[in-house]
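The values are calculated or read from the model by the stated rules, or taken from the named source; none is laboratory data. Since this is a predicted model, take the numbers as computed values, not measurements. As a convention, Cβ positions derive from the backbone with ideal geometry for all residues, glycine included, and neighbour counts pool all protein chains shown.
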Amino acid sequence: MTTTSQTLTPPGTEKKAGPWAALLLAGAFEVGYALSVNGSQGFTNPAWSIVAIVFFLFTLFFLSVALKRIDVGIGYAVWAGLGAIGAALLGPVFFDETLTPLKGFWLAVIVTGVVWLKLADSPKLERARATN
């Protein structure tokens, strides 16, 4: 006798962790892409250029996977926000760039916006809206 285990989920509450994980990966590759494009010096440095192309392909792949389940407006905003924040924070680490308090403030505004976008897409809020 064989037994199978099935997870019962109510209709309309499919798991959203997978698409969000893919979106986070896309954001990480976007940061790598932005930094490597900077390092490629206008695609004149072959090693950095190859790295940039690889990161570009991975960021597009994972973004497309994420956008199968996440609305394009939300997904693109989160992806772009992660790329901007990561590049701004890591630019001073790898290159001769500065991160001023004013830039830090506006990065915090972006992070807040990304968090609110994620919260606006939460199943709890969707159920609350459906009952009203």
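Could you check the stretch 40-52 and list, in sequence order, the residues that are in a helix (DSSP H, G or I) and surrounded by 15 or more Cβ atoms within 10 Å (Cβ to Cβ)?
Scanning the stretch 40-52 gives Trp48, Ser49, Val51, Ala52.
At pLDDT below 90, more than 16 Å from Ala21 (Cβ to Cβ) and aromatic (Phe, Trp, Tyr): which single residue out of Trp106, Trp116 fits that description?
The conditions single out Trp116.
Please work out which residue is surrounded by the most Cβ atoms within 10 Å (Cβ to Cβ), limiting yourself to the stretch 53-86 and to residues that are touching a Leu at 6+ places or on another chain (Cβ under 9 Å) and not in a helix (DSSP H, G or I).
Restricting to residues being touching a Leu at 6+ places or on another chain (Cβ under 9 Å) and not in a helix (DSSP H, G or I), the top hit is Ile70.
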